[in-house]
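Contents: one structure, followed by commentary.
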Amino acid sequence: MLKNLVQFLRGAAGDKEPTLQEQELMKQVDMNKIPVHIAIIMDGNGRWATKRGLPRGVGHRAGVESLREAVNTYSRLGVNYLTVYAFSTENWKRPQEEVNILMDLLVEYLHKEIDELHRKNVFVNALGRLEDLPVKAQEALNMARRITAGNNGLTLNICLNYGGRTEITEAFRAISVKLLEGQIKINDINENLISEHLYTSSIPDPDLLIRPAGELRVSNFLLWQLAYTEFWLTTMMWPDFRRQHLLKAVIDWQRRNRRFGGI
Ligand code: FPP
């Protein structure tokens with residue numbers, strides 16, 4: 001058991017030796033009850049950097065390290081979907097320089113990590129109004145999707161130019177067109193049909209949402225899909241997230257009693 005555990009943790013963090021604390025945490029994870037879908041709002045990069053007297057871009061770069069750790073840990077754990085909020089429809093309001101840094105980091109991440117992601121059987125996907133992203137970002141995403149298309153391990157959904165309200169509005173439009181063209185009738189409109197018209201069609205709703213940086217709001221993220229999701233909130237900043245915190249969120253989730261409105 002301990003050998004497997006150590007192997008698991010090594011695999012999940014490249015070549016880093018698992019700490020004793022991580023080994024202890026791993027023993028607490030119920031491998032028969034792994035969340036199918038985990039969503040993360042990768043918040044606090046800016047504050048993390050500012051606190052250290054560093055430019056905000058350094059915080060975003062540190063956030064990419066945490067993302068790498070999340071992909072490694074959760075793909076090893078057998079999570080099927082990891083959906084991360086990387087750039088919202090509102091983030092265009094940030095100074096152009098910061099927007100450029102975020103887009104450049106995305107392109108750099110995809111080019112640098114694609115072989116490793118492919119080796120780990122990860123399918124890289126993107127959700128949002130992708131057509132409004134800079135061409136180089138769209139090209140990098142297409143490249144990543146093409147290379148990893150046949151992978152059936154973890155699906156990494158990177159939400160970019162994503163807004164929950166925009167997503168629902170686009171679904172309304174698509175459904176209205178079908179209604180007007182007579183492809184569907186008014187009674188065909190139900191929760192399943194709406195879900196099928198979201199960016200996340202065919203993906204089950206998240207079981208667990210991780211929200212760092214002490215914020216207590218959903219910030220226009222997965223508004224429809226989070227209806228019964230369990231939230232794991234912490235004041236820790238996203239760049240500080242490491243394997244132990246990612247495991248702790250899952251352990252806490254496993255101890256919760258999800259009733260979906262029942263008793
Ligand atoms: C929120 O922190 C974070 C973002 C808006 C960007 C998240 C992006 C990354 C982690 C890196 C780039 C992504 C990929 C997929 C390579 P904030 O800037 O709002 O932090 P603050 O609230 O402390 O200011």
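The values are calculated or read from the model by the stated rules, or taken from the named source; none is laboratory data. Given the structure is predicted, the values throughout are model-derived calculations rather than measurements. Glycine also receives a Cβ, built like all others from the backbone with ideal geometry; neighbour counts cover every protein chain displayed.
Below are the figures for this structure:
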item: For Met103: the one exception among (1) near the ligand (Cβ under 10 Å from one of its atoms); (2) free of Cβ contacts under 8 Å to residues at least 40 places away in the same chain; (3) closer than 30 Å to Asp30 by Cα; result: (3)
item: Check on Gly63, at pLDDT 95 or above, within 17 Å of Ala213 (Cα to Cα) and small (Gly, Ala, Ser); result: yes
item: Any hit, the range 14-28, residues being surrounded by 13 or more Cβ atoms within 10 Å (Cβ to Cβ), within 12 Å of the ligand (Cβ to nearest atom) and among the hydrophobic types (A, V, I, L, M, F, W, C); result: no
item: When residues of the range 31-54 are limited to those that are of a type in the set (A, V, I, L, M) and within 10 Å of the ligand (Cβ to nearest atom), the one surrounded by the most Cβ atoms within 10 Å (Cβ to Cβ); result: Ile40
item: Condition met for His197 (within 16 Å of the ligand (Cβ to nearest atom) and free of Cβ contacts under 8 Å to residues at least 40 places away in the same chain); result: no
item: Residues that are buried (at least 18 other Cβ atoms within 10 Å of the Cβ), touching a residue at least 60 places away in the same chain (Cβ under 8 Å) and within 10 Å of the ligand (Cβ to nearest atom), drawn from the range 55-69; result: Gly59, Ala62, Gly63, Ser66
item: Candidate set from the range 17-33 (those that are acidic (Asp, Glu) and assigned to a loop (DSSP other than H, G, I, E, B)); member that is nearest to Gln244 (Cα to Cα); result: Glu17
item: Those residues of the range 208-218 which are in a loop (DSSP other than H, G, I, E, B) and either more than 15 Å from the ligand (Cβ to nearest atom) or loosely packed, with under 15 Cβ neighbours inside 10 Å (or both), in sequence order; result: Gly214, Glu215, Leu216, Arg217
item: Neighbours by Cβ (under 7 Å, 6+ apart or cross-chain): first from the range 78-90, within 16 Å of Leu67 (Cβ to Cβ) and of a type in the set (Ser, Thr, Tyr); second modelled with pLDDT of 95 or more and near the ligand (Cβ under 7 Å from one of its atoms); result: Tyr85/Met42
item: Members of the range 129-159 found to be in contact (Cβ under 8 Å) with a residue 12 or more places away in the chain and among the basic types (Lys, Arg), listed by number; result: Arg129, Lys136, Arg145
item: Any pair with Cβ under 7 angstrom, 6 or more apart, that starts in the range 107-128 at a residue that is closer than 23 Å to Thr200 by Cα and touching a residue at least 24 places away in the same chain (Cβ under 8 Å) and ends at one that is assigned to a helix (DSSP H, G or I) and charged (D, E, K, R); result: Val107/Lys136; Val124/Arg145; Asn125/Arg145
item: Yes/no for Ser75 being more than 11 Å from the ligand (Cβ to nearest atom), within 16 Å of the chain's Cα centre (by Cα) and crowded, with 17+ Cβ neighbours inside 10 Å; result: yes
item: Residue in the range 232-263 that is farthest from the ligand (Cβ to nearest atom), counting only those that are aromatic (Phe, Trp, Tyr) and surrounded by 16 or more Cβ atoms within 10 Å (Cβ to Cβ); result: Trp253
